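First comes the structure, then the notes that go with it.
The values are calculated or read from the model by the stated rules, or taken from the named source; none is laboratory data. Just so it is clear, the structure is predicted and the values come from calculations on it, not from any experiment. Don't worry about glycine lacking a Cβ; one is built from the backbone with ideal geometry, like all the others, and counts go over all protein chains shown. Side chains are part of the model used for accessible areas, which takes the heavy atoms of the whole protein and leaves out ligands, DNA and RNA. Shrake-Rupley method; radii C 1.70, N 1.55, O 1.52, S 1.80 Å.
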Amino acid sequence: MDALAAGLKKATIATAQRHLFLCMGPDCCVPAEAEALWEHVKQRVRETSVQAMRTKAECFRICTGGPWIVVYPEGVWYGEMTKERFERVLAEHLIGGRPVEEWVV
């Protein structure tokens, strides 16, 4: 398998139904906390077999209220993301198909 095909497979481009972007700060949140959240998101997406790509972003230019996660193709934004909040987003939005309305920005 060539490098491009391997990269496309690793990124799950062929099967992804959603794309999660996580803002890693540094101004909206503590980068170390965002990194811990990133690791949790990666693990939980793998464990649940949710068909979603994941991408880290250094800054969404909001600069407050983070870490932020945006879910595409819906374009749903969630602020103040924690591991606990992500579990609810995972269950209700990514698996259940319904955004967690009280957290949508």
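Annotations for the structure displayed:
- On inspection, Pro67 fails the criterion of being open to solvent by 70 Å² or more (accessible area, probe 1.4 Å) and either among the hydrophobic types (A, V, I, L, M, F, W, C) or under 24 Å from Gly97 (Cα atoms) (or both).
- Segment 16-41, residues that are part of a loop (DSSP other than H, G, I, E, B) and either loosely packed, with under 11 Cβ neighbours inside 10 Å or without any contact (Cβ under 8 Å) to a residue 12 or more places away in the chain (or both): Val30
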